[in-house]
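Some notes on the structure that comes next.
The values are calculated or read from the model by the stated rules, or taken from the named source; none is laboratory data. If you're wondering where the values come from, they're calculated on a predicted model, not measured in any experiment. So basically every Cβ, Gly included, is an ideal-geometry build from the backbone, and we count neighbours across all protein chains shown.
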Amino acid sequence: MKLSPAKVEQLAAMLVDVLAETDGVLFQASDPELRAAIREIMTDELEVEDRLNAEVHQLLQAYKYEITQGRLDYDTLFRRIRQRLITERKIVL
């Protein structure tokens, strides 16, 4: 995850504060509940890339022999497979 949990918490609190000051926005939950929900959503979204990279690493295990023999380049394969999965799944990073 590219942001620390403390930064995610800070951003969630800031978002709740900004929304609270916005005319026409009415909360149906308490501030701590809203911050927790926002924090969870943000964390899930930030972990998408981590899960994608882990899956690509797992897929590359099938090419381990060719990579160690120098027949295939790990970084090139990683980028290609990652981009293919992003395109297929319509992931926005």
Residue match in the range 42-59 (condition: assigned to a helix (DSSP H, G or I), in contact (Cβ under 8 Å) with a residue 12 or more places away in the chain and among the small types (Gly, Ala, Ser)):
no
Counted residues in the range 54-69 being more than 22 Å from Met1 (Cβ to Cβ) and surrounded by 12 or more Cβ atoms within 10 Å (Cβ to Cβ) come to 3
With respect to Ala37, determine if the residue is surrounded by 11 or more Cβ atoms within 10 Å (Cβ to Cβ) and not basic (Lys, Arg).
yes
Output the residues belonging to the range 25-41 that are more than 30 Å from Arg79 (Cβ to Cβ), among the aliphatic types (A, V, I, L, M) and in a helix (DSSP H, G or I).
Leu34, Ala36, Ala37, Ile38
Somewhere in the range 63-82, is a residue within 13 Å of the chain's Cα centre (by Cα), assigned to a helix (DSSP H, G or I) and not basic (Lys, Arg)?
no
Just to be sure, is Leu72 surrounded by 12 or more Cβ atoms within 10 Å (Cβ to Cβ), touching an Asp or Glu at 6+ places or on another chain (Cβ under 9 Å), at pLDDT below 95 and more than 18 Å from Lys2 (Cβ to Cβ)?
yes
